[in-house]
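So the structure is just underneath, and the comments pick up after that.
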Ligand code: GDP
Ligand code: MG
């Protein structure tokens, strides 16, 4: 049904996120009113959330003209078209929401298939629940059992097989959740940012795993850089067909900055490559890359497999998933946040994610002269920034490293989280990756 709505041949298209019609008429996400994008004037500099963004819209023009009789025929037609579109949008929104709920309900009753469940953990049924597909600000559940609990996430380039692997892990070591359900991750708001994530649990003989799978690159970056998701380790998924890609690099960089010291690699989609030499080459490339980002590329476990085949019950591939979990048990460790003592500092190397206006952040980019207030939860101080060479402008939605110079010293250590504030709103979230002074 979704597809029909999104790909219809009429002139009306619908935004899959909001269910609102797009193209001919755009709607402001805050007010729900139609906007004329071309005419929106945003002041540069300080962003005021209350600022009206619907100036110059047909509706406002009509409201300005008080007497109905004075409204020209043309405007009347526009008004009727808009009204119809709004009604259609609401109906579509309700339909989409309803569909999602049904899906979640169906999947919540999904049965744990004990036949495929590893006999490693017979107690999983009682302990393990999943929290996917539900609307929720409670994405994760605290583990109260006796095993070591590790927070992990599947990271890696889009479409490389993160969600398929996650599903296979639940099937073999937890309560099975299908890729479709995992992909319908609920929205979470935490630490000032909004992102989507599914939270799943599974356990081996020695460890319990609290696992995040996120639908997009931005979700991974935002949740990690804000400190909303705090990981002990990660499973880097790299497709054997593509090898490392742009997002593979970005995720390694962010993992390093948030203090994750060990990762395991799952080389996915190996069913699509017959050539052993090629597979060896891809593995070498992966090891080089993780060395480059400061991980132990020579000793990091790299497991080759096909999560898709494992889900289908292929014996060898099930075995490869078991190998991966075995490696996770042996190689991953608790992130004990041992990144040094906090000291009074005035100059920091940081990596930040800049919130978009939809996330409550700035409507406009900022430049080298930007002066945010830096807040670490207990202290606040004004600061100036130095952008990396060759970067002049930072857009909402960007993530980037930079140097922050504080007007007065604040107490920081490597790995600490902070926010940029501006007139009471959060404009960026980030983590300290070095204390310079
Ligand atoms: P994600 O974006 O990283 O979460 O990737 P998905 O898990 O959604 O997988 C993207 C596509 O690749 C889907 O069509 C999967 O069915 C497919 N896929 C995932 N793993 C494998 C695999 O091991 N072998 C093959 N042939 N396809 C796979
Ligand atoms: Mg996915």
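Please treat every number below as a calculation from the coordinates, not as lab data. Remember, predicted model here, so these are calculated numbers, not experimental data. Methodologically, a virtual Cβ is constructed for each residue, glycine included, from the backbone with ideal geometry; neighbour enumeration extends over all protein chains shown.
Structure above, values below:
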| item | result |
| --- | --- |
| For the stretch 243-318 and the stretch 140-182, distance of Cα centres in Å | 17 |
| The stretch 275-387: proportion of alpha-carbon pairs further apart than 22 angstrom, % | 62 |
| Ranked list, fewest to most other Cβ atoms within 10 Å of each Cβ, for 425, 436 | 436, 425 |
| Per-residue Cβ neighbour rank within 10 angstrom, fewest leading, 435, 220, 333 | 333, 435, 220 |
| Computed P(r) (all Cα pairs; the stretch 246-336; 10 Å bins; percent) | 16, 43, 34, 7, 0 |
| Radius of gyration and Dmax over the Cα atoms of the stretch 343-435, both given in Å | 12.0, 35 |
| Residues in the stretch 191-229 that a label on residue 245 would reach, taking backbone N under 16 Å of a point 7 Å out along Cα→Cβ | 214-221 |
| Mean shadow area of the stretch 135-331 over all directions, Cα convex hull, nm² | 10.1 |
| Cα-projected label distance for residue 358 with residue 274, points at 7 Å along beta-carbon direction, nm | 4.4 |
| Protection proxy ranking of 171-181, 142-152 - average other beta-carbon atoms within 10 Å, highest first | 171-181, 142-152 |
| Percent antiparallel among DSSP beta bridges (both partners in the stretch 135-331, rounded to 5) | 35 |
| Shape category assigned to the stretch 220-298 from the gyration tensor of Cα positions, a/c cut at 1.5 | prolate |
